[in-house]
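Before any comments, here is the structure.
The values are calculated or read from the model by the stated rules, or taken from the named source; none is laboratory data. A quick note: this is a predicted structure, and the numbers were derived from the prediction, not measured. As a convention, Cβ positions derive from the backbone with ideal geometry for all residues, glycine included, and neighbour counts pool all protein chains shown. Heads up: the accessible areas ignore ligands, DNA and RNA and are worked out on the full protein's heavy atoms, side chains in. Shrake-Rupley method; radii C 1.70, N 1.55, O 1.52, S 1.80 Å.
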Amino acid sequence: MKLKPRIRFDRIFVSDVAVIYRQMSKKHQAEGASSFQDATGTITNLTNDTAQLKKDRYMRADLRAAIMGTGPLHARFGFDMLSTAGHHTYSGSLGKMQAPAFNSILRPLLNFEIASGNIRSIRFDMQGTDYKNWGELRFDYDHLKISVFRAPAKRSNRSKKGILSFLVNQMLVHDSNPDANEHYHIGRVQHTRVPEYSHFKTIWKSLFEGIVACAGINPKYVPEGE
């Protein structure tokens with residue numbers, strides 16, 4: 001919107017794009033990464049023409065990719081180009097995959113990893129502004145177990161890791177969703193955005209907040225990351 005030249009693209013086609021998101025944790029001195037392979041889809045109404053935006057104020061993206069190279073992800077984004085608060089939406093779903101595939105981002109940034117877990121599906125419906133993100137996340141899974149490390153994680157801390165992992169898994173209210181009592185848990189997200197965080201980092205933090213809520217983990221037992 002800050003570009004002086006007027007631009008307008010009715011539709012942009014995305015085909016076979018690989019995206020890698022990397023983030024450095026100053027706290028743990030490690031870099032985490034998540035990857036999106038074979039991204040395809042469309043971006044529509046990409047314009048800074050206010051006359052056109054008064055007819056349809058949303059730029060939209062509808063994309064599919066293989067997250068971590070294995071999980072089928074379908075995501076839809078909507079950006080209100082006239083919103084002074086940066087209002088946007090994002091929703092989507094993730095199909096079946098093994099939860100430990102996310103350890104390449106969890107271990108470096110949050111100092112814990114998933115020992116086991118089957119993701120059956122994740123579905124999310126979120127809204128956001130420059131200041132906050134909110135919405136719902138549904139996480140269907142089973143056999144979830146996590147391993148926690150002390151910072152910095154070293155081989156000499158393996159015994160401590162075992163104790164911490166045991167304690168955290170005891171605090172895990174349910175290792176599946178629906179749980180053993182056939183109660184289904186929904187992650188309701190109310191996330192305050194850190195102004196210095198990028199858009200993708202805010203999305204990651206918001207969705208992770210929903211996953212923690214679904215798993216029934218008290219947030220104070222989740223290791224802090226950056």
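The table below lists the values:
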quantity: Residues (crowded, with 18+ Cβ neighbours inside 10 Å, assigned to a helix (DSSP H, G or I) and in contact with a Phe, Trp or Tyr (Cβ under 8 Å, 6 or more places away or on another chain)) located in region 179-203; calculated: Ile203
quantity: Residue ID - nearest to Phe9 (Cα to Cα), chosen from residues in region 23-50 that are among the aliphatic types (A, V, I, L, M) and modelled with pLDDT of 95 or more; calculated: Leu46
quantity: Single residue of region 80-103 satisfying the filter (modelled with pLDDT under 95 and buried (at least 21 other Cβ atoms within 10 Å of the Cβ)) that is farthest from the chain's Cα centre (by Cα); calculated: Ala99
quantity: Residues satisfying the stated conditions in region 54-69, i.e. closer than 15 Å to Ile20 by Cα, among the small types (Gly, Ala, Ser) and part of a strand (DSSP E or B); calculated: Ala65, Ala66
quantity: Enumeration of residues in region 104-132 that are of a type outside the set (A, V, I, L, M) and surrounded by fewer than 18 Cβ atoms within 10 Å (Cβ to Cβ); calculated: Ser104, Ser116, Asn118, Arg120, Ser121, Arg123, Asp125, Gln127, Thr129, Asp130, Tyr131, Lys132
quantity: Failed item in (1) in contact (Cβ under 8 Å) with a residue 60 or more places away in the chain; (2) in contact with a Phe, Trp or Tyr (Cβ under 8 Å, 6 or more places away or on another chain), with Thr47 passing the rest; calculated: (1)
quantity: Lone qualifier among Ser206, Ser176 - being over 30 Å from His88 (Cβ atoms), open to solvent by less than 40 Å² (accessible area, probe 1.4 Å) and modelled with pLDDT of 90 or more; calculated: Ser176
quantity: Single unsatisfied condition, Ser104 versus (1) more than 20 Å from His199 (Cβ to Cβ); (2) part of a strand (DSSP E or B); calculated: (2)
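Quick grid of which residues meet (1) within 21 Å of Arg123 (Cβ to Cβ); (2) surrounded by fewer than 16 Cβ atoms within 10 Å (Cβ to Cβ):
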| site | (1), (2) |
| --- | --- |
| Arg8 | no, yes |
| Ser25 | no, no |
| His28 | no, no |
| Ile43 | no, no |
| Ile67 | yes, no |
